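S.K.: One structure coming up, written as structure tokens, with questions to follow.
The values are calculated or read from the model by the stated rules, or taken from the named source; none is laboratory data. The structure displayed is predicted, hence computed values, not measured ones. We place every Cβ from the backbone using ideal geometry, glycine too, and count neighbours over all the protein chains shown. With ligands, DNA and RNA removed, areas are computed over all heavy atoms of the protein, side chains included. Shrake-Rupley method; radii C 1.70, N 1.55, O 1.52, S 1.80 Å.
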Amino acid sequence: GNQAFLNSPDMSSRPQLIGDASLANQSANLWFNPLAYTTPPPYTFGNAGRNSLRGPNFFEADWSLSKGFKFKERVGLEFRWDVFNVINRQNLALPNTQVDSSAGGIIQDIQICSTCGNGMRNMQFGAHITF
């Protein structure tokens, strides 16, 4: 980028938007069109809007089913079935936003993002005795 041209405290700049960055068929191989951006002219911040790029959405559903039984007044048993990411949806990481790189617009971690929950569907069964 042209960060060396700026005289700002955090030395940050935005790219210059020169085309349409949206894609009809977004995928991990190309989430947005990096050719829609270029380096802004010297001593300028670029015209791309703040937060104008959006990454993949996140959705995860975790379900739990449990049944409790009382044997005596103070003794009980609970069976539990927990399912994490019940619909087994793949949540992608954010794309590379360095538009002057060959990796611009590409999601490199296609399996799961680091903050996106449990990954693929997981189930656990448990029993809890109370007394």
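S.K.: Starting from the Cα-Cα distance between W81 and L65, subtract it from 0.36 nm times their residue separation and give me the gain in nm to one decimal. Each step should come with its number before you reach the end.
M.R.: Details: separation 16, 0.36 × 16 = 5.76 nm, distance 0.52 nm.
Taking 0.36 nm per residue and subtracting the Cα distance, the gain is 5.2 nm.
S.K.: Heavy atoms only, 1.4 Å probe, whole protein assembly: order V83, V75 by accessible area, highest first. Display every interim value, and only then the final one.
M.R.: On the way: V83 10, V75 50 Å².
Most to least solvent-accessible, the answer reads V75, V83.
S.K.: Accessible area, 1.4 Å probe, largest first: how do S101, S52 sort? Present the calculation step by step, with values, prior to reporting the outcome.
M.R.: Working: S101 40, S52 65 Å².
I get S52, S101, largest accessible area first.
S.K.: Computed FRET efficiency, Cβ-Cβ of N96 and T38, R0 22 Å: what is it to the nearest 0.05?
M.R.: 0.85
S.K.: Using 7 Å Cα-to-Cβ label points, what is the I129/I18 separation (nm, one decimal)?
M.R.: Roughly 7.2 nm, to one decimal.
S.K.: Oh, and also: Using the Kirkwood radius built from alpha carbon pairs, what does the Stokes-Einstein equation give as D for segment 23-105 at 37 °C and 0.692 mPa s, in µm² per second? Provide the component values of the computation, followed by the final result.
M.R.: Details: Rh = 17.4 Å.
My calculation gives 189 µm²/s for D.
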